[in-house]
Amino acid sequence: MNRLVKGKKARHIIFDSTGLKVYGEGEWKMKVHVKSKRRTWRKFHIGIDVQTQDIVCCELTENSEGDAEVAERLAEKLPDKIKSARSDGAYDAGRFRKRVDDKGGTCIVPSPKGAAYQDRKGLV
C-alpha cells in the first residue's frame with residue numbers, strides 16, 4: 001500500500017512508523033489452546049507535512065524492513081522538493097540522509113550516542 005499527495009512547494013516532512021498486530025484465527029487458537037506461536041506484525045510507515053499536517057506518503061510493510069530503508073523509498077517517490085526531513089534515531093542511515101539531500105532538504109535525525117561528526121574532508 002502506498003499513497004502520495006502532490007503539492008506545489010517544498011515541504012517539511014516528519015517520518016515515523018508504528019507496529020500493527022495482525023489478528024486472526026491464529027490469535028484465537030493461541031488464547032484457547034495456550035500454544036506458543038510466532039505472532040504476525042506489520043509496520044505502518046508514514047510521512048506527514050509539518051505545516052499542513054497532511055499525510056503525504058505512507059506504506060505498509062513486513063516487520064522485517066528497517067525504518068530508514070522504507071523512509072528512503074517514500075522520500076524518493078515524493079514529487080516535491082523536501083525542505084527538511086525529521087525523525088527519531090531509527091532513521092539515522094546514510095542512504096536516507098543522501099536521499100533527503102538529493103531532494104534539496106536537510107535531514108534532522110539525532111545521531112547515535114558518542115557519534116563523531118565527519119565532513120567530506122575527514123573528521124572534524
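Just so it is clear, none of the values below were taken in a lab; they were calculated from the coordinates. Values in this document were obtained by computation on a predicted structure and should not be read as measured data. In this analysis, Cβ positions are derived from the backbone assuming ideal geometry, glycine residues included, and neighbour counts consider all displayed protein chains.
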From the cross-link list 43/77; 9/43; 43/81; 77/98, the entries with a Cα-Cα span beyond 24 Å are 9/43; 43/81
Return the long-range amide H neighbours of residue 106 (sequence gap of 5 or more, or a different chain), with a cut-off of under 5 Å between placed amide H atoms.
84, 85
Local net charge near residue 105, Cβ-Cβ under 14 Å (Lys/Arg +1, Asp/Glu -1):
+3
Summed side-chain charge close to residue 89 - residues other than residue 89 whose Cβ falls under 11 Å, Lys, Arg +1, Asp, Glu -1:
-2
What FRET efficiency comes out for residue 69 versus residue 32 if R0 is 41 angstrom and r is the Cβ-Cβ distance? Round to the nearest 0.05.
0.65
Straight distance only, please: which aspartates and glutamates reach the Cα of residue 113 with their own Cα at less than 18 Å, same-chain residues fewer than 8 apart left out?
88, 92
Report the net charge of residues surrounding residue 67, where surrounding means a beta-carbon distance below 9 angstrom and charges are Lys +1, Arg +1, Asp -1, Glu -1.
-3
